[in-house]
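Chemist: Provided herewith is a single structure, encoded as structure tokens, for subsequent inquiry.
The values are calculated or read from the model by the stated rules, or taken from the named source; none is laboratory data. As the structure is a prediction and not an experimental result, all values here were calculated from the model. Positions of Cβ are backbone-derived with ideal geometry, glycine not excepted, and every protein chain shown enters the neighbour counts.
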Amino acid sequence: MKLERITIGEQFHNIVTKRKNHPAITWDGEIYTWEELDILSDKMAVSLLYEEVEKGAHFALCGKNSVEWICAFLAIVKVGAIPILVNPNLKEREVKLLFDYADVDQVYYDDVFADNLTDSLYRKYLKISMAKGMLENIRKDQQISNVERQKLLARQEEVNSQDNACMLFTSGSTSRPKGVMISHYQLMNIAREAAGTMQWTEEDQICQVLPMFHCFGLSTGLLAMFVHGGSMHLCSSHRTGVVMQCIEENRCTILNGVPSLFLAILYSKEREKYKLTTLKTGIIAGSPVSQSDYMAIVKELGMDGLMQSYGQTEASPSITFTSVTDPIDLRCKSVGKAISNIELRIADLETGKSQKPYEQGEILIKGYNVMKGYYKNTEETRNVISEDGWLTTGDLGHLDEDGNLYITGRKKDIIIRCGENISPKEIEDAARESKAIIQIKVFGIPMPVVQEEIVACIVTNSDADLTEDGLRELLKNKLADYKVPKYILFFEQFPEMTGGKLNVQELKKEAFIRIQSK
């Protein structure tokens, strides 16, 4: 694939010109054409210019998937501002840390996000609600004048493909999220790569379950649609029944998701009630999937075009794809070959030298998709990107003689639950606000469907009265619900190695035995 110097706004304009009156989005019982998306987002963009939103301003976009979210995203990039993509499930403590770190200037928010917060948090920001009915009010507004349109066009011409397109967040191994800066050039070329590799066309119908505040959902969902020109059907929730209903009603051909999404459908007792035979293709990524699970999903759901992929936010996010020409016995165990225009190698953990086929090491990549860096964190950026441009992924794997990549593990202790990357340290830091806790160790254990469940092992003061429910309530007030441990285990003391260092493997073994006995 030949790389193109193109912005998100330019690519969107190209597909609007081509697909003007065709359906683009269905949401909440309504159909929005490509032209309507363009007009609605233009009106929102003009209002931002009246609010004197400058090029490069940091505009937090806080909400679940909706057509309002999409129009807000387009409006922000049209005026050259930078969408700061925020998980709407974060609690006030988390949001405050994130807003302060990301130097947020303005906020778009929906009802889900607003319910978790108090008004005091918003007072320092220009805030715009994305509540239901917002677009109806915009539709009633007067048409954009020639003067306003020229002003908007002039601003759009200032936006360069190398400008930051948005800031996405990854927990990594630290307790606070790190803002990943990615350019228009990187995001749009990855979207072009995905659409081309998957052979998606304007006839395809996407069931969009993945949240678009994550790089996976943004890139292979919304931005890839700006390339192939099909239609997107937004799910109102992640519940399996809702997803299956969306697929049936809209005759969806594409379903992208984490393994737990596909497994939940596969094992749903309600699956036979829905016609899912239109599903043909999709990307399964975000966490490992076993060979047997992959084969079962392809067979039972009839998704012969389901492709494995490997990536991370720091890589915009795609690194590898399996191909439609790959035999299924390869696709079930490999995440495919490196995408075009990048380099991938396996580095020895001690020497850093490139490994031979089938020799395990750390996965390193180099190319246009490597992030511009972590926002306001040059030290962390230097830790993962070498002076000559190689990104260390923190994941372990090996290549075969044909260049297919196999993931074998990860260096970091990040917990992956339903596709969400969760930092154990963040949970530990929040729990330590309870003075009853002397020691805490958080980790994940393998579980069906969700991939991993969170376990918190606790040692408390001898006179403490901390309970499972008490700690869980404390954490629910400080962390998003998906970060709250499912299992909280109390210990009199942790197992130690010689020298007093925590024996993590022994602790995990003891925890697993106790969980199995419950």
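Chemist: Name the residue, out of Leu502, Leu471, that is in contact with a Phe, Trp or Tyr (Cβ under 9 Å, 6 or more places away or on another chain), touching a residue at least 40 places away in the same chain (Cβ under 8 Å) and of a type in the set (A, V, I, L, M, F, W, C). Explain how you work it out, then say what you get.
Modeler: Numbers: Leu471 fails: in contact with a Phe, Trp or Tyr (Cβ under 9 Å, 6 or more places away or on another chain).
After ruling out the rest, the residue left standing is Leu502.
Chemist: Can you name every one of the strands (runs of 3 or more DSSP E) wholly within segment 401-518 that holds 3 or more residues which are loosely packed, with under 14 Cβ neighbours inside 10 Å and hydrophobic (A, V, I, L, M, F, W, C)? Walk me through how you get there before you give the answer.
Modeler: On the way: elements: 405-410, 415-417, 420-422, 437-447, 451-460, 487-491.
Answer list for segment 401-518: none.
Chemist: Do you know which residues across segment 245-266 are in a loop (DSSP other than H, G, I, E, B) and closer than 18 Å to Lys64 by Cα?
Modeler: Applying the first criterion (in a loop (DSSP other than H, G, I, E, B)) to segment 245-266 yields 251-253, 256, 258.
Listed by number, the residues that qualify are Asn256, Val258.
Chemist: Mind listing whichever residues of segment 181-238 are at pLDDT 95 or above and of a type in the set (Gly, Ala, Ser)?
Modeler: If the condition is that a residue be at pLDDT 95 or above and of a type in the set (Gly, Ala, Ser), then Ser183, Ala191, Ala194, Ala195, Gly196, Gly217, Ser219, Gly221, Ala224, Gly229, Gly230, Ser231 are the ones that fit.
Chemist: So, Ile284, is that one in contact (Cβ under 8 Å) with a residue 12 or more places away in the chain, buried (at least 21 other Cβ atoms within 10 Å of the Cβ) and either within 21 Å of Met188 (Cα to Cα) or not assigned by TED's automatic domain parsing to the domain that holds Cys246 (or both) or not?
Modeler: Values: in contact (Cβ under 8 Å) with a residue 12 or more places away in the chain: yes; buried (at least 21 other Cβ atoms within 10 Å of the Cβ): yes; either within 21 Å of Met188 (Cα to Cα) or not assigned by TED's automatic domain parsing to the domain that holds Cys246 (or both): yes.
For Ile284, the condition - in contact (Cβ under 8 Å) with a residue 12 or more places away in the chain, buried (at least 21 other Cβ atoms within 10 Å of the Cβ) and either within 21 Å of Met188 (Cα to Cα) or not assigned by TED's automatic domain parsing to the domain that holds Cys246 (or both) - is met.
Chemist: For the condition without any contact (Cβ under 8 Å) to a residue 60 or more places away in the chain, assigned by TED's automatic domain parsing to the domain that holds Leu168, among the hydrophobic types (A, V, I, L, M, F, W, C) and over 25 Å from Asp100 (Cα atoms), what is the one hit in Ile458, Ile363, Ile454, Ile437? Talk me through it step by step, then tell me what you get.
Modeler: Working: Ile458 fails: assigned by TED's automatic domain parsing to the domain that holds Leu168; Ile454 fails: assigned by TED's automatic domain parsing to the domain that holds Leu168; Ile437 fails: assigned by TED's automatic domain parsing to the domain that holds Leu168.
Checking each option against the conditions leaves just Ile363.
Chemist: Go through Lys337, Lys356 for me and flag whichever is among the basic types (Lys, Arg) and farther than 23 Å from Phe216 by Cα.
Modeler: Details: Lys337 fails: farther than 23 Å from Phe216 by Cα.
Criteria check complete, one pass: Lys356.
Chemist: Suppose we keep only residues that are among the aliphatic types (A, V, I, L, M) and either closer than 12 Å to Tyr406 by Cβ or modelled with pLDDT under 95 (or both) within segment 326-343. Which one would you say is nearest to the chain's Cα centre (by Cα)? Quick ask: steps written out before the conclusion?
Modeler: Let us first name the residues in segment 326-343 that are among the aliphatic types (A, V, I, L, M), namely 328, 330, 335, 338-339, 342.
If we keep only those that are either closer than 12 Å to Tyr406 by Cβ or modelled with pLDDT under 95 (or both) as well, we get 330, 335.
Working: Leu330: 26, Val335: 18 Å.
Ranking the candidates gives Val335 first.
Chemist: Moving on. Within segment 289-305, which residues are buried (at least 20 other Cβ atoms within 10 Å of the Cβ) and in contact (Cβ under 8 Å) with a residue 40 or more places away in the chain?
Modeler: Within segment 289-305, just Met303 meets the criteria.
Chemist: Could you please give the count of residues in segment 306-346 that are among the acidic types (Asp, Glu) and either surrounded by fewer than 18 Cβ atoms within 10 Å (Cβ to Cβ) or not assigned by TED's automatic domain parsing to the domain that holds Lys372 (or both)? Break it down stepwise before answering.
Modeler: The first filter runs over segment 306-346 and keeps only residues among the acidic types (Asp, Glu), leaving 314, 326, 329, 343.
Remaining after also requiring either surrounded by fewer than 18 Cβ atoms within 10 Å (Cβ to Cβ) or not assigned by TED's automatic domain parsing to the domain that holds Lys372 (or both): 329, 343.
Count: 2.
Chemist: If you don't mind, another one. Does segment 52-59 include one or more residues that are more than 22 Å from the chain's Cα centre (by Cα), in a helix (DSSP H, G or I) and buried (at least 20 other Cβ atoms within 10 Å of the Cβ)?
Modeler: no
Chemist: Let me ask something additional. Among the numbered conditions (1) hydroxyl-bearing (Ser, Thr, Tyr); (2) under 21 Å from Asn137 (Cβ atoms); (3) in contact with a Gly (Cβ under 9 Å, 6 or more places away or on another chain), tell me where Tyr50 comes up short.
Modeler: For Tyr50, the failing item is (3).
Chemist: Related question: Go through Glu68, Glu4, Glu54, Glu36 for me and flag whichever is out of contact with any helix residue (DSSP H, G or I) (no Cβ under 9 Å at 6 or more places or on another chain) and at negative phi. Give the derivation first.
Modeler: Working: Glu68 fails: out of contact with any helix residue (DSSP H, G or I) (no Cβ under 9 Å at 6 or more places or on another chain); Glu4 fails: out of contact with any helix residue (DSSP H, G or I) (no Cβ under 9 Å at 6 or more places or on another chain); Glu36 fails: out of contact with any helix residue (DSSP H, G or I) (no Cβ under 9 Å at 6 or more places or on another chain).
Checking each option against the conditions leaves just Glu54.
Chemist: While we're looking at this one, here's another question. Consider Lys140 carefully, then state whether it is under 29 Å from the mean Cα position of the chain (by Cα) and either at pLDDT below 75 or loosely packed, with under 13 Cβ neighbours inside 10 Å (or both).
Modeler: Working: under 29 Å from the mean Cα position of the chain (by Cα): no; either at pLDDT below 75 or loosely packed, with under 13 Cβ neighbours inside 10 Å (or both): yes.
For Lys140, the condition - under 29 Å from the mean Cα position of the chain (by Cα) and either at pLDDT below 75 or loosely packed, with under 13 Cβ neighbours inside 10 Å (or both) - is not met.
Chemist: On to the next question. Name the residues in segment 327-340 that are assigned to a loop (DSSP other than H, G, I, E, B) and without any contact (Cβ under 8 Å) to a residue 60 or more places away in the chain, would you? Lay out the reasoning, then the answer.
Modeler: Within segment 327-340, the first condition is being assigned to a loop (DSSP other than H, G, I, E, B), and the residues that meet it are 327, 332-335, 339-340.
Residues satisfying the conditions are Pro327, Cys332.
Chemist: For segment 228-264, enumerate the residues that are more than 10 Å from Ile206 (Cα to Cα) and in contact with a Lys or Arg (Cβ under 6 Å, 6 or more places away or on another chain).
Modeler: Listed by number, the residues that qualify are Gly229, Glu248.
Chemist: Inspect all residues belonging to segment 189-209 and state whether any of them is in the same structural domain as Gly282 (by TED's automatic domain parsing) and under 23 Å from Gln106 (Cα atoms). Write out each step before concluding.
Modeler: The initial filter retains those residues of segment 189-209 that are in the same structural domain as Gly282 (by TED's automatic domain parsing), namely 189-209.
Checking which are under 23 Å from Gln106 (Cα atoms) leaves us with none.
Taking every residue of segment 189-209 in turn, none turns out to be in the same structural domain as Gly282 (by TED's automatic domain parsing) and under 23 Å from Gln106 (Cα atoms).
Chemist: Out of segment 390-430, which residues are free of Cβ contacts under 8 Å to residues at least 24 places away in the same chain and either basic (Lys, Arg) or in contact with a Ser or Thr (Cβ under 8 Å, 6 or more places away or on another chain) (or both)?
Modeler: Within segment 390-430, Arg410 is the sole residue that qualifies.
Chemist: Can you find even one residue in segment 30-39 that is among the aliphatic types (A, V, I, L, M) and either part of a helix (DSSP H, G or I) or modelled with pLDDT under 95 (or both)?
Modeler: Filtering segment 30-39 for residues among the aliphatic types (A, V, I, L, M) gives 31, 37, 39.
Narrowing the set further to residues that are either part of a helix (DSSP H, G or I) or modelled with pLDDT under 95 (or both) leaves 37, 39.
Yes - at least one qualifying residue is present in segment 30-39.
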